[in-house]
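Just below is one structure, and these are the notes that go with it.
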Amino acid sequence: MQQIYKVFINNKEINFSTEQPNLDCSDALFIDKSIFDDFFNILEKYSTDSKYNSLNIFGDIPERLFLKFASFFRIIEAAGGIVKNSNNDILFIYRNNMWDLPKGKIDNGETPEMAAIREVKEECGLKTIHINRFIAHTYHIYINRYDFVLKKNWWYELLANESQQLTPQLEEGIQEVKWICRNDMINVLPYTYNSLQYLLENYLKIKS
């Protein structure tokens, strides 16, 4: 199976691959590496056009396409966790009317692992957590007042005891912290961001 590099913008996806899949899809936009000749105009149009849900950029070497794509952005790195307890429940935070996973920007001098642990502790109120393994990177684009930013998220599987008290970080707009069991995950995924749906579906091997 060929590797597909994936980036999200405004809950839409951008895929990098060697060929044009599903050309009959009416909600998918297919272009070759010529996107880089008029990069930001195409990207801005795609991100706001409700007709398209996916942008597919194809070329001989997807990794090179992705690296060229990333070179147009200021890159910010963040880290977070899929936190599991002994029942295999997963810890979610509720913020801005969406279910989310705890994560945050990597501070100067921190490793991604250190940042993931710190952010989960701060946002959820946990005292003791342990990193089990690295899971994946996800990428999403947002626009601030000055430029386009590509955010690279490092995701880890973290382990925590469910007996610990959960305390939402109110100053960060977090309204609730809650353990969600696997059977209820199918009801939660539609109310998460697409980048997290992609991460969780691959992690849990389920489809929403």
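The values are calculated or read from the model by the stated rules, or taken from the named source; none is laboratory data. Model, not experiment: these values are computed from the prediction. Please note: Cβ atoms are built from the backbone with ideal geometry, for glycine as well, and neighbour counts cover all protein chains shown.
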| message | Which residue is farthest from the chain's Cα centre (by Cα), if the candidates are limited to the stretch 56-76 and must be in a strand (DSSP E or B) and farther than 28 Å from TYR146 by Cβ? | response | PHE58
| Residues of the stretch 174-190 satisfying the condition of being modelled with pLDDT under 95 and touching a strand residue (DSSP E or B) at 6+ places or on another chain (Cβ under 6 Å) | VAL188
| remark: The residue from TYR94, TYR52 that alone is within 17 Å of LEU200 (Cβ to Cβ) and among the aromatic types (Phe, Trp, Tyr) is TYR94
| query | Within the stretch 77-101, how many residues turn out to be assigned to a strand (DSSP E or B), out of contact with any Pro (no Cβ under 9 Å at 6 or more places or on another chain) and surrounded by 16 or more Cβ atoms within 10 Å (Cβ to Cβ)? | reply | 5
| request: Would you confirm whether any residue within the stretch 144-152 is surrounded by 15 or more Cβ atoms within 10 Å (Cβ to Cβ) and of a type in the set (S, T, N, Q)? | output: no
| Which numbered condition trips up PHE66, out of (1) free of Cβ contacts under 8 Å to residues at least 24 places away in the same chain; (2) closer than 23 Å to TYR203 by Cα? | (1)
| said: If ASN87 meets every condition in (1) in contact with a helix residue (DSSP H, G or I) (Cβ under 7 Å, 6 or more places away or on another chain); (2) more than 30 Å from THR48 (Cβ to Cβ); (3) not hydroxyl-bearing (Ser, Thr, Tyr) apart from one, which number is that one? | reply: (1)
| message | Looking for something modelled with pLDDT of 95 or more, surrounded by 12 or more Cβ atoms within 10 Å (Cβ to Cβ), of a type in the set (Asp, Glu) and closer than 25 Å to GLU201 by Cβ - is there at least one such residue anywhere in the stretch 102-111? | response | no
| task | For residues that are surrounded by fewer than 12 Cβ atoms within 10 Å (Cβ to Cβ) and either within 12 Å of LEU91 (Cβ to Cβ) or polar (S, T, N, Q) (or both), tally how many sit in the stretch 182-201. | result | 2
